[in-house]
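Visitor: Can you read through this structure? Questions will come right after.
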Amino acid sequence: MDWSLDAVAVWNRQRAVTPWPGAATSFEGRRLQIIAAEPVDLLPAGKPPGSVLEVGSESVAVACGRGSLALLRVKPEGRGEMGGADWARGARFKPGAAFELPAEAHA
């Protein structure tokens, strides 16, 4: 996932490759497959792309280049599919937690 894109572009790319080969990102060095997501808004998030903005009751909001994306269903490496908020609560985010950007996003 290239979090530097706007939220709708990230969402469209996620839907294009789901279910196969699947959209994935990395968090703290571990692969996380994104099963279902949706754009929350297109206003600037005020945080760097990939930053965790909030954990809601059903999803986790992630900052994109413009806007944010709600992760509704995810599949952590070595685990089964689960709700985004359930995964986020178990991940116990540290302040400033962020998903890793792909190498081409840094260029």
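Visitor: Which value at 222 nm does the chain reach when only helices count, each DSSP H run of 4 or more adding -39,500 (n - 2.57), with the total divided by all residues and rounded to the nearest 500 deg cm²/dmol?
Guide: Computed ellipticity for the chain at 222 nm equals -5500 deg cm²/dmol.
Visitor: Ok, one more. Where does each of 64-70, 83-89, 15-21, 45-51 land if you order them by average Cβ count within 10 Å, highest first?
Guide: Result, highest mean Cβ count within 10 Å first: 64-70, 83-89, 45-51, 15-21.
Visitor: Give me the compactness ratio for the stretch 1-41, meaning the Cα radius of gyration over 2.2 N^0.38 Å.
Guide: 1.11
Visitor: Can you match Kirkwood radius over Cα pairs in Å to one of these, [x] 14.8; [y] 13.8; [z] 13.4, based on a calculation from the structure here?
Guide: Computed from these coordinates, Kirkwood radius over Cα pairs in Å corresponds to label [z].
All of the numbers you see were taken from the coordinates with simple rules; none came from a lab. Model, not experiment: these values are computed from the prediction. Every residue, glycine among them, receives a Cβ derived from its backbone with ideal geometry; neighbour counts consider all protein chains shown.
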